[in-house]
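J.: Pasting a structure here, questions to come.
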Amino acid sequence: MGFGENRIASLIQQHPEKKPEVQEMQKQMSHYMLAASADRFREMASTDELGRARDISLEEREQVEWKGVNISEAPPEDLQAVLSDTVLSEFKTRLTRLGIEYQTPD
């Protein structure tokens with residue numbers, strides 16, 4: 001991601017008039033990024049893939065809590081929420097470094 005950040009920063013510096021277009025693209029891409037992770041967690045839940053992955057090492061598994069969620073036992077919706085929150089937090093930090101304000105997807 002660092003290479004992309006450097007390239008975007010360079011382009012915005014060279015063409016500041018393009019910044020609104022970059023922000024709109026970020027808004028659209030955020031929608032797809034969040035939708036893709038939500039779809040994957042729904043798919044895992046519907047096929048019980050997540051449950052099977054958790055059962056593989058039940059005896060060896062540690063109870064891991066991250067951001068208030070027990071990762072080894074949380075339902076897919078909670079895992080997806082924690083993942084989205086984590087990804088968005090890092091994404092917002094990176095956008096701020098570029099001087100771009102995060103745009104919430106529709």
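The values are calculated or read from the model by the stated rules, or taken from the named source; none is laboratory data. Note that the structure is predicted; figures quoted are calculated from it, not measured. As a convention, Cβ positions derive from the backbone with ideal geometry for all residues, glycine included, and neighbour counts pool all protein chains shown.
J.: If you go through the range 5-26, how many residues are within 22 Å of the chain's Cα centre (by Cα) and under 14 Å from Thr96 (Cα atoms)?
T.: Final tally of qualifying residues: 7.
J.: Restricting attention to the range 93-106, which residues are exposed (fewer than 13 other Cβ atoms within 10 Å of the Cβ) and within 20 Å of Ala35 (Cα to Cα)?
T.: Matches in the range 93-106: Thr104, Asp106.
J.: Sticking with this one: Scan the range 81-106 and report the pairs whose first residue is within 19 Å of Arg42 (Cβ to Cβ) and whose second residue is at pLDDT below 85 and of a type in the set (Lys, Arg), with Cβ atoms within less than 8 Å and a gap of 6+ or a chain change.
T.: Once the first residue is within 19 Å of Arg42 (Cβ to Cβ) and sits in the range 81-106, its partners that are at pLDDT below 85 and of a type in the set (Lys, Arg) give Val82/Lys67; Asp85/Lys67; Thr86/Lys67.
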